[in-house]
1. Can you work out which of the residues in region B:66-85 that are outside any helix (DSSP H, G or I) and surrounded by fewer than 21 Cβ atoms within 10 Å (Cβ to Cβ) is nearest to the other protein chains (Cβ to nearest Cβ)?
2. May I ask you to list the residues in region A:158-174 that are more than 27 Å from the chain's Cα centre (by Cα) and free of Cβ contacts under 8 Å to residues at least 40 places away in the same chain?
3. Looking at (1) over 16 Å from the mean Cα position of the chain (by Cα); (2) under 30 Å from C:LEU209 (Cβ atoms), which one does C:LEU119 not meet, given that it meets all the others?
4. Does C:GLY165 qualify as being within 14 Å of another protein chain (Cβ to nearest Cβ), touching a strand residue (DSSP E or B) at 6+ places or on another chain (Cβ under 9 Å), crowded, with 22+ Cβ neighbours inside 10 Å and farther than 26 Å from C:PHE282 by Cβ?
5. Of these, A:ALA95, A:ALA88, A:ALA84, which one is under 30 Å from B:HIS3 (Cβ atoms), under 14 Å from the mean Cα position of the chain (by Cα) and in contact (Cβ under 8 Å) with a residue 12 or more places away in the chain?
6. Hey, which of the helices (runs of 4 or more DSSP H) in region A:42-110, taking only ones fully inside, have at least 2 residues that are among the aromatic types (Phe, Trp, Tyr) and under 27 Å from A:VAL159 (Cβ atoms)?
7. State whether one or more residues within region B:112-121 are surrounded by 17 or more Cβ atoms within 10 Å (Cβ to Cβ), out of contact with any Gly (no Cβ under 6 Å at 6 or more places or on another chain), of a type outside the set (D, E, K, R) and modelled with pLDDT of 80 or more.
8. Among A:LEU180, A:LEU192, which is within 7 Å of another protein chain (Cβ to nearest Cβ), surrounded by fewer than 22 Cβ atoms within 10 Å (Cβ to Cβ) and modelled with pLDDT of 80 or more?
Amino acid sequence: MTAFDYWSITQGALATISLSLASIVLGVPLGLALALVRWARVPGLNGIVYSYVSIVRSCPTVTLTLLVFFALPQFGISLDPVPAAIVALTVSTSAFNCEIWRSALVEFPRDQYDAALSFAMPRATRMRRIVLPQVWRASLPGLVNEMTLQIKSTPAVAVIGIVEITRAALRVGSNTYEPLPPFIFALVLYGLIVFVLIRLQRMIEVRLRHGGIA
Amino acid sequence: MMHDFATIWSQRDVVFAGLLNTVILLVVAGVASLVLGALLTPLLMSRHKLVARAASAYVDAMRCAPFLLFVYLIYFGLPTFGISMSNWAAGALALILYNTAYMGELLRGAWQELPVTMIESGKAFGFRGLTLLRRIILPPILLRAMPMIGNQMIQIVKDSAFLTVIAVSELTHEMTGIQATYFIPFAAFVTAVLLYWCICLAIEAGTGVLNKIAEERRA
Amino acid sequence: MSSRHTWFTALQIKKRDGLRRAAQSALFAAVAALGIVQAAHAATAEEIKARGYLSVATEDDFKPFEFVDNGKPTGYDNEMLALVKKKLPVEVRQQIMPWSGILPGVTTGKYDMAVTAVLVTPERKGTFDFTSPLSESTTYYAVKKGSSIKSADDLAGKVVGAQTGSAMLSDLKAFDEELKKKNGGKGIKQIVEYQSYPETYQDLALGRLDAVANTQINLNSLIKTRPDTFVLGQKIGNPVYIAWAVKKGNSAALEMINGALLDLRKSGEMYQMQKKWFGASFESMPQSVN
């Protein structure tokens, strides 16, 4: 493997990480929005969100990516591979994030909320000042865990031809006719990234536990 | 659109074959990884430092590795060691190796919650080694960890879709073939998504039933 | 209770009603969309010119027709496209992607044209219109050097690989039917479908496959690069033409490209390209295969 080969696999890893980050940045607030819909028990939307979350959580990332990229054009929504990958990854992670946010919201002491209500706080202030700051801390471990899982499932977007780490390693392998070394390198590189994230996750958990509200 | 679904219906034996393959992979990988995971857990908790370190290095490696890359590693790596396996077998092996680590880890979590008195009274009655494991320790931790095992099974189903890249004819692979031949991407993939949903609902229902049994046993 | 509080409660109830109605209409819209969904329509010549570009899709690894070398797309189709581009009034936006998405992408209107090696088959003619042909092709099989398969009939009881959704796969399946008739029921043991050919060749080299079915042009290119690993077998299909494909009825895009292709034939550049990439030129192809 030449230096160029190592570089192209590293570039692939960077591409994969940026896709993960984009989907995480979009997916966390989207998950919160979905969780709020379920928490507020909005009559019609409640059922839709429930079904959406249930279906998306059981859908493999590969199949979801293929659906978004190949099937949406039939509805006139034609996306390039990278936006399609971000949409698919965001949809997937938002469903999981919804459950994480929701479990924290459900555990939120209702009396605090009622107290805010009795003070006639407008809804926005209620959410911003009372609910979210506390719920955010409770959900953080789950959210960070989901981020790690999300980064691990991002290589699924290789199936729509994005030159991310898997496709880069495949190309190097098919050019040099030695498929194993590029994949060992890719696995070690990507594994290190995930390992660093898991360490970070543990640090955050420890800090939260000592920081007070768990 | 209805015409597209009619085409899928006409290909239903292909779809069914893919679905069956996914379910078979789930059962094989699920059972094997659960059994091997149950054997891994005592190694993780072993008093011999070296054994425990080796076992947790294995678990950490599997938790850091993305499954797709791991699949390719097995797929390309085995032949270099002279082991020739079919694509299906290589895929199943990857699923088993990957999920054994997860099963071992979650069983370990359940083990640590087990009251020490239970194990001690077992030892007082003369249970040792493998029998101790099989009759005293495993039943309660399996039942306690049932929801997490159910989650892991769902993860196995989702990971099985990755095997399409090494030409294992599971559900996603067959659907990709159908949509490429008949140009019906939406119908094909929506059907696949709904079928995966059904499998996962079935797993959740099964886990719920087992959970009820566990509750009754504990009470 | 302050009046402000009752106002908020009333507002919440109203909001919930409004939200419910919004949800119902969203549901209705989704159902309606499913009923009347239609693929994006093929653009007319004026629309293409107004848009300013033609969107095309090309496969990512199908040597020697199209492949990526050091990040740049190259190969026969890509170089032909470069020559054609010079003669077009609009720009060309190319998407490199796996084969299984290209033809469905053309049918759903995602791409105007598949600028990739599409074999012209009667089944495809029902859904696509084809440009003036760019090459001829016959499906052959290849085996690993030292294989026991000496003739096409030896494929009985063996494992053969081909690309999913390709005409070579259909040729292989048709050949399997013939084999079964000849041998009284015994055909190819298993046909394995792959996303693309590099993985197929790898499995052939590793021994997971006994043979691979592809066009003789592709297989010749493979054997030229790895003569000590692979050997060409015999043909298992009939000669067909290779052309670029548009959705049926999309005559605007077709006319634009056909004009350029026929010019390139007259000037001889097409035949030079063929000699460069295939080692042979096909000079007696018809002008139209529709």
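The values are calculated or read from the model by the stated rules, or taken from the named source; none is laboratory data. Source: prediction; values computed, not measured. Please note: Cβ atoms are built from the backbone with ideal geometry, for glycine as well, and neighbour counts cover all protein chains shown.
1. Residues of region B:66-85 outside any helix (DSSP H, G or I): B:66, B:81-85.
Now restrict to residues that are surrounded by fewer than 21 Cβ atoms within 10 Å (Cβ to Cβ): B:81-85.
Working: B:PHE81: 10, B:GLY82: 11, B:ILE83: 11, B:SER84: 6, B:MET85: 8 Å.
The qualifying residue nearest to the other protein chains (Cβ to nearest Cβ) is B:SER84.
2. Result: A:GLY173, A:SER174.
3. For C:LEU119, the exception is condition (1).
4. On the way: within 14 Å of another protein chain (Cβ to nearest Cβ): yes; touching a strand residue (DSSP E or B) at 6+ places or on another chain (Cβ under 9 Å): yes; crowded, with 22+ Cβ neighbours inside 10 Å: yes; farther than 26 Å from C:PHE282 by Cβ: no.
So C:GLY165 does not fit the description; no.
5. On the way: A:ALA95 fails: under 30 Å from B:HIS3 (Cβ atoms); A:ALA84 fails: under 14 Å from the mean Cα position of the chain (by Cα).
The match here is A:ALA88.
6. Details: elements: A:43-57, A:61-66, A:81-107.
It comes to none.
7. From region B:112-121, those surrounded by 17 or more Cβ atoms within 10 Å (Cβ to Cβ) are none; that's our starting set.
There is no residue in region B:112-121 that is surrounded by 17 or more Cβ atoms within 10 Å (Cβ to Cβ), out of contact with any Gly (no Cβ under 6 Å at 6 or more places or on another chain), of a type outside the set (D, E, K, R) and modelled with pLDDT of 80 or more.
8. On the way: A:LEU192 fails: within 7 Å of another protein chain (Cβ to nearest Cβ).
So the residue among A:LEU180, A:LEU192 that is within 7 Å of another protein chain (Cβ to nearest Cβ), surrounded by fewer than 22 Cβ atoms within 10 Å (Cβ to Cβ) and modelled with pLDDT of 80 or more is A:LEU180.
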